[in-house]
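Quick one: the structure is below, questions incoming.
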Amino acid sequence: MPGTITVRKAPKGPFITIQDLGRYGHQKSGIPVAGALDRFALETANWLVGNPPGAACLEVTLIGPEIVLDQDTVISITGADLSATLDGRPISLWTSHDVSAGSVLQFGKPVRGVRAYLAVAGGIDVSIVMGSRSTYLKGHIGGFQGRALQTGDILPIGEPAVTFAPRRLSKTPDYIASHGEETVVRVVLGPQEDHFTQAAIATFLSSTYRITPQSDRMGYRLEGPPLAHRGRAEIISDAIPEGAIQVPANGQPIILLADRQTTGGYPKIATVISADLPKLAQSAPGAIVRFVAVTVEEAQEIARNAARELAQVMLA
């Protein structure tokens, strides 16, 4: 039957939000897609507890809450290792867990990755706003009262779709870089690479860039060798896909993510391929990123292979 979970303690700030796969069909009205930054982790967390792939979960960034599970249920945690414990004992990631009413889930220090996803059987049953339960913080849209979670919040949980045996993955995903490890991100050049000098494109593909602390769900600001434009650093504003890498006048790239604005007036030197967005989402400020160019056809094949590999590691 439906129930609730209670946030007994939460850090102040934008660290814990409700997310699903995003709010599509409204960018023409200036409404960002939002949704989980690591969609692979969210979909896997939902599969582990028997939810539809796009059910709403908690996205926990770096600093986690203390949560009381108010009824017997099934949970899973995927994505980053944030030292989660259940009733004081470490809890395994990437698997389902039966939990009893009154159990307490806590998160500790980050070990690997940035964003963990908590799925509960039945999904987090907050109101649907424009087709999604995702939180868009800057617009105060969706989620729980359009904001990050706070101490004392009580979240409704939906009716579980199925009764099933515990699920696990046949192998633990290894796409999350260790602390200090360089993250290689594949990109398709364009759509406005012709706005940059050949030297700038060569620099972009041969240099490393650091993710700065001025990064959030809207985008990652990078710091590294500046990229020179051929002429003006502005274009007529056009649509911005997730993963687009725009370069303003200062030459420092910005990777635009789930909460990105719908249009922008800076040229985009490249776009991160969809298969590499999860690993990028798990990179913390201070992490080092290197870009490798692939063709559109290669990006499509990589996406197909990723889908096949995911199907192979899911074991009912």
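Just flag the trypsin sites (Lys or Arg not before Pro) in the range 230-316 sitting in loop per DSSP whose Cβ has no more than 16 other Cβ atoms within 10 Å.
R230, R232
Please give the calculated 222 nm ellipticity per residue for the chain, where each DSSP H segment of at least 4 residues contributes -39500 (n - 2.57) and the sum is spread over every residue; nearest 500 deg cm²/dmol?
About -4000 deg cm²/dmol.
Under a plain spin-label model, where a point goes 7 Å from the Cα along Cα-to-Cβ, how far apart in nm are T151 and M314?
So the two model labels end up 3.9 nm from each other.
Please check which bits of the range 247-271 a label hung off A293 would reach, taking the label as a point 7 Å along Cα-to-C-beta and the cut-off as backbone N under 15 Å.
Of the residues in the range 247-271, 268-271 have backbone N under 15 Å from the label point off A293.
Among all helices in the chain defined by DSSP H, which have a length of 18 Å or more along the axis from Cα atoms plus a Kyte-Doolittle mean of at least -0.5?
Helix filter hits for the chain: 296-313.
Rounded to the nearest 0.05, what FRET efficiency do I63 and R89 give with R0 = 22 Å and r taken as the Cβ-Cβ distance? Could you check?
With R0 = 22 Å, the Cβ-Cβ based efficiency is 0.60.
Based on other C-beta atoms within 10 Å, arrange Y266, Y117 from fewest to most.
Neighbour counts put them in this order, fewest first: Y266, Y117.
Using 0.36 nm times the number of residues separating A307 and A199, minus their current alpha carbon distance, what extension gain do you get?
Length gained between A307 and A199: 35.3 nm.
At 7 Å along Cα-to-Cβ for each site, give me the label-to-label distance between S206 and Q261 in nm.
3.3
Just flag the trypsin sites (Lys or Arg not before Pro) in the range 1-92 sitting in loop per DSSP whose Cβ has no more than 11 other Cβ atoms within 10 Å.
K12
Whole Å is fine, so just give me how far the alpha carbon centre of the range 174-210 lies from that of the range 45-64.
Answer, in whole Å: 29.
Separate question: What is the order of L118, L205, L42, fewest Cβ neighbours within 10 Å to most?
Result, fewest neighbours first: L205, L118, L42.
Once you have the Cα-Cα distance between D70 and M130, take 0.36 nm times their residue separation minus that, and quote the gain in nm to one decimal.
Extra length available between D70 and M130 comes to 18.7 nm.
Okay, moving on. Strictly over 23 Å apart at the Cα level, which of K28/K279; K28/K268; K109/K279; K9/K279; K12/K279; K9/K171 would you flag in this model?
Listed pairs above 23 Å: K28/K279; K9/K279; K12/K279; K9/K171.
In the P(r) worked out for the chain, what percent of Cα pairs fall beyond 30 Å?
Roughly 33 percent, once rounded to a whole number.
If I model a spin label at H26 and R232 as a point 7 Å from the Cα along the Cα→Cβ vector, what separation in nanometres do I get?
In this crude spin-label approximation the distance works out to 3.3 nm.
Any read-out appearing in this document is the output of simple, stated calculations on the displayed coordinates, not a laboratory observation. Here the structure is a predicted model, which means the values were calculated and not measured. Virtual Cβ from ideal backbone geometry, glycine too; neighbours counted across all protein chains shown.
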